[in-house]
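The values are calculated or read from the model by the stated rules, or taken from the named source; none is laboratory data. Keep in mind it's a predicted model, so treat the numbers as computed, not measured. Reconstructed Cβ throughout: ideal geometry from the backbone, glycine too, with neighbour counts over all protein chains shown. Remember, those area values only see protein heavy atoms, side chains included, never the ligands or the DNA or RNA. Shrake-Rupley method; radii C 1.70, N 1.55, O 1.52, S 1.80 Å.
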Amino acid sequence: MPEHCPCPSAPSLNSSPATVATATSPAPPESFCRFCGGPTNDAASISSPPPWSDSSPPPAYRPLRAPAINAPTNTSAIILSPVPRPLPVPVAEPPYHFEVPMKRISSPDDIQRFNSSSSGRHFLGFVAALSDSVRSRKISDPISPLTPIISHLLSVIETLDKWIDDIPPLPHSSRYGNPAYRSWHEKLSDKGISLVVPLLTSDELGPAADELLPYLLDSFGNPSRIDYGTGHETNFVAFLFCLARLGLVKEEDYTALVTRLFVAYLRLMRRLQTVYCLEPAGSHGVWGLDDYHFISFIFGSAQLIDHKYMKPKSIHNPDILDNFSTEYMYLTCVAFVKKVKKGVFAEHSPMLDDISGVATWNKVNSGLLKMYKAEVLEKVPIMQHFLFGSLIKWYDSRIF
């Protein structure tokens with residue numbers, strides 16, 4: 001049996017008794033031919049590669065996807081956690097003791113206390129109820145007539161949108177943070193109380209304006225940092241939750257809250273983000289759903305549950321995004337991501353790409369609800385800015 005590679009490109013080597021393994025001499029370690037890659041025991045046919053030099057340095061390593069620094073670390077806990085269920089909002093009863101809300105969360109223990117409290121459970125239940133109210137519904141589907149409260153809130157959103165035209169962006173060289181946004185938010189702070197008071201339909205509820213206003217002001221970003229993120233989006237839902245606690249918004253209004261009011265809010269925020277270049281607050285980068293929003297994906301996935309034709313993987317179809325993004329919030333958000341981010345979708349938005357492989361929208365919706373609890377409501381950097389008063393209580397873990 002020859003001991004050199006049979007490759008025709010290899011030089012022929014004569015066998016000799018000295019190179020043949022015997023019972024008294026162990027076989028040399030197996031090598032591989034430098035010509036064909038085949039095995040050979042002839043070390044002479046193997047040459048070491050030349051060392052790297054300044055003129056021929058090693059290639060630079062460039063990963064296809066950024067390291068998962070901000071990727072969710074408790075994926076298994078999220079999967080095994082129960083799906084948040086819709087809960088009715090307990091209406092506050094007189095005598096009222098309204099107060100200016102304050103920040104209370106500063107540690108993981110505070111996070112656990114909030115999420116195990118009645119306030120935390122009912123707030124998450126409110127988000128789940130809003131999601132359930134638009135199950136299998138398009139944005140343009142007919143709804144019951146708008147209440148005066150929702151009509152006024154829509155007029156507030158329209159007013160805030162017009163202020164953008166009155167306060168154009170200033171020339172600046174930074175990627176984020178146009179300083180004109182501070183002027184826009186200052187106008188909101190100055191006129192905010194006049195936007196809230198018309199919502200309070202009785203003298204008894206009048207003092208609630210001081211408690212509601214901070215939630216509204218924190219719903220549109222931070223003027224100091226000129227940023228916006230999921231915490232500000234959560235504050236807007238908290239503002240609606242407080243209205244429900246006062247009995248001004250009822251369960252039969254939830255569909256209109258999502259398909260009319262929240263859609264208008266999302267449209268306004270997209271304009272603020274693009275005109276004033278708001279910086280993403282606490283963004284997970286490529287490992288987040290979106291640089292700015294989360295709840296809109298929850299509502300949007302609920303809309304698509306049991307859709308006859310569109311599946312989670314349909315987000316990769318440009319025709320579907322072009323034709324249906326005005327009807328379904330999930331598609332609206334994906335279309336926006338594809339508009340502002342360039343390159344391969346799986347690389348700049350791996351979370352959305354992974355979710356597109358889920359079998360049904362029902363699973364997407366339930367998974368997003370669990371992820372919202374874990375990645376937003378249980379994160380100190382986000383929830384440290386959340387506000388607590390008499391309508392969303394901090395100190396009472398049993399009852400409102």
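Listed by chain and number, the lysines placed with their C-alpha closer than 22 angstrom to that of Lys191 are Lys162; residues fewer than eight positions away on the same chain are left out. Shown in residue order for segment 133-145 are the 3J(HN,Hα) couplings computed by the Karplus curve 6.51 cos²θ - 1.76 cosθ + 1.60 at θ = phi - 60°: 6, 10, 4, 6, 10, 7, 5, 8, 4, x, 10, 5, x Hz (x for Gly and Pro). Taking one equal scatterer on every alpha-carbon of segment 318-400, how large is log10 of I(q)/I(0) by Debye at q = 0.16, 0.18, 0.19, 0.23 1/Å? For segment 318-400, the Cα-only Debye profile gives -0.83, -0.94, -1.00, -1.20.
Each label was represented as a point 7 Å from its Cα along the Cα-to-Cβ direction; for Lys379 and Asp110 these points are 1.7 nm apart. When all alpha carbon pairs of segment 260-373 are counted in 10 Å bins from zero, the resulting P(r) reads 13, 49, 34, 3 %.
The apolar share of the surface of segment 190-329, taken as the fraction of accessible area on carbon and sulfur atoms (1.4 Å probe, ligands and nucleic acids excluded), comes to 51 percent. For a test of the definition: using alpha carbon positions, the gyration tensor, and the 1.5 limit on a/c, classify segment 98-142 as rounded, prolate or oblate. It comes out prolate by the Cα gyration axes.
If you take the alpha carbon atoms of segment 148-192 and fit the smallest convex hull around them, that volume is 74 Å³ per residue.
Calculated accessible area for segment 143-237 comes out at 45 Å² per residue, all protein chains present (probe 1.4 Å; ligands, DNA, RNA ignored). Once the mean of 1/r is taken over each pair of separate Cα atoms and inverted, segment 233-274 shows a Kirkwood hydrodynamic radius of 10.9 Å. Ligands, DNA and RNA are left out, and with a 1.4 angstrom probe the accessible area of segment 264-363 is 41 Å² per residue. Per the Cα gyration tensor, segment 117-161 maps to an equivalent ellipsoid with semi-axes of 24, 18, 10 Å, ordered largest to smallest. Once Lys and Arg get +1 and Asp and Glu get -1 on their Cβ, which of Ser349, Tyr309, Gly367 lies farthest toward the positive end of the dipole of segment 255-381? Checked the options; the winner is Tyr309. A viscosity of 0.890 mPa s and a temperature of 25 °C, combined with the Kirkwood radius over Cα pairs in Stokes-Einstein, give a translational diffusion coefficient for segment 139-276 of 156 µm²/s.
Loop-located trypsin sites (Lys or Arg not before Pro) across segment 292-377 with a Cβ neighbour count of 10 or fewer within 10 Å are Lys308, Lys342, with loop assigned by DSSP.
Measuring how big segment 206-290 is from its alpha-carbon positions, Rg and Dmax come out at 14.1, 44 Å. If you sort the three axes of the alpha carbon gyration tensor as a ≥ b ≥ c, you get a/c of 1.5 or more for segment 290-331 and a/b no higher than b/c, which makes it oblate. Applying a DSSP loop filter and a limit of 15 other Cβ atoms within 10 Å to the chymotrypsin sites (Phe, Trp or Tyr not before Pro) in segment 157-237 leaves Tyr176.
Taking a straight Cα-Cα cut-off under 21 Å and skipping sequence neighbours fewer than 8 places away in the same chain, the lysines within cross-link reach of Lys103 are Lys373, Lys379, Lys393. Extension gain for Asp141-Phe345 works out to 70.4 nm (0.36 nm per residue, less the C-alpha to C-alpha distance).
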